[in-house]
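My structure is below; once you've seen it, I'll send some questions.
Derivation of every value follows stated rules applied to the coordinates shown; laboratory data play no part. None of these values were measured; they are calculated from a predicted model. Cβ coordinates were reconstructed from backbone atoms using ideal geometry, including for glycine residues, and neighbour counts include every protein chain displayed.
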Amino acid sequence: MSEGLKSSKTKMADIYNLIERAKKSGKIEKGTNEVTKAIERGTAKLVVYATDVEPKEIVQHLPLLCKEKKIVCKAVDSKQKLGISVGIPVATSSVAIIECKDIEKEIASLGGK
C-alpha cells in the first residue's frame with residue numbers, strides 16, 4: 001500500500017471517529033437537505049459527504065457551498081459507514097457537525113475555517 005493511500009485511509013477513519021464523538025457530545029444534522037440548511041445558516045462546523053452516492057448530483061453542491069461559507073468539508077468513501085458513524089441503521093449521503101466543543105481543534109486541523 002502506498003504511503004498516500006495509507007494516509008488517506010487514516011484521515012478517513014479520523015473523520016468517522018470525529019462524527020461518532022460529536023454524536024455523543026454535540027449536535028449533528030443528517031441527510032443532504034438538513035446539511036444544506038445548516039451550511040446556508042452558517043451553523044455547520046464540519047460537513048462530511050459520501051463519494052459513493054448515486055446520482056452524484058445529490059451531494060456535488062456541498063463542497064462549493066462550504067467553500068463559499070468557509071466551512072470545513074471532507075469526503076468519505078461510504079454512505080453506509082457514514083450512517084453507522086451517526087448511529088442510524090441506514091446509509092446517509094451527508095452529515096454536518098453543528099456543535100462540537102470537545103473536537104473544535106481537531107476539526108480546525110482538518111483544514112478550512
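Strictly under 4.7 angstrom between C-beta atoms: which cysteines of the chain have no such partner?
For the chain, the answer is 100, because their Cβ atoms have no other cysteine Cβ under 4.7 Å.
In nm, to one decimal, how far is the modelled label at residue 25 from the one at residue 11, with both set 7 Å along Cα→Cβ?
2.3
Quick one: work out the % antiparallel among DSSP beta bridges in the chain, nearest 5.
Beta bridges within the chain, antiparallel portion: roughly 60 percent.
Taking amide H positions as placed 1.01 Å from N in the peptide plane, with prolines and chain starts having none, which residues 5 or more places from residue 73, or on another chain, fall under 5 Å of its amide H?
47
Further question on the same structure: Tell me what the chain gives for mean residue ellipticity at 222 nm when only DSSP H runs of n ≥ 4 count, each as -39,500 (n - 2.57), the sum divided by the residue total, rounded to 500 deg cm²/dmol.
-14500 deg cm²/dmol
Aspartates and glutamates near residue 67 by alpha-carbon distance under 14 Å, same-chain residues fewer than 8 away left out - which ones?
40
Hey, another quick one. Springs between alpha-carbon atoms under 10 Å, Gaussian network over the chain: tell me which of 29, 99, 54 tops the mean-square fluctuations.
Highest fluctuation of the listed residues: 54.
Suppose we look only past 21 Å in the calculated P(r) of the chain. What percent of the Cα-Cα pairs does that tail hold?
Pairs farther apart than 21 Å: 29 percent.
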